[in-house]
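What follows is a single structure, written as structure tokens, with notes after it.
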Amino acid sequence: MRDVVAKCKAANINTIIVDVKPLAGLVLYASLYPLQYQRQPQRFVRAVNECLSNSQGCMLFGLVYARDYERWEVLKAAFPDPAKAPHQVEPLLSRLRSAAGRQARK
């Protein structure tokens, strides 16, 4: 785990870590703020690839910047196939809600 966080920090990736014990492990999504890569398209490509290779996904905050800085081709290449968002995977959603309910009652 420490290794993943270190790699994300080295690539200037903000990480959000949620420990969900009923899922028998971590659900880890890396996040990017595209404005940080305004004049650095190659660094943006590396950051997206780091997110995908070191976590279960990549969240982009401020997607308008991907449009403004013409990063759609990068994103199309990184995500060639449609995928369901975590909240659309019903068994996962139910288990997360159940775990959150147990946490809230503690």
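Read-outs throughout are calculated quantities, based only on the coordinates presented, and are distinct from any laboratory measurement. Here the structure is a predicted model, which is why all the values come from computation and not from measurement. Note that each Cβ is placed from the backbone with ideal geometry, even for glycine, and that neighbours are counted across all protein chains shown.
Projected label points at Ala85 and Arg97, each 7 Å from Cα along the beta carbon direction, are separated by 1.6 nanometres. Packing, as the average of other Cβ atoms within 10 Å across residues, places the peptides 41-48, 63-70, 75-82 in the order 41-48, 63-70, 75-82, highest first.
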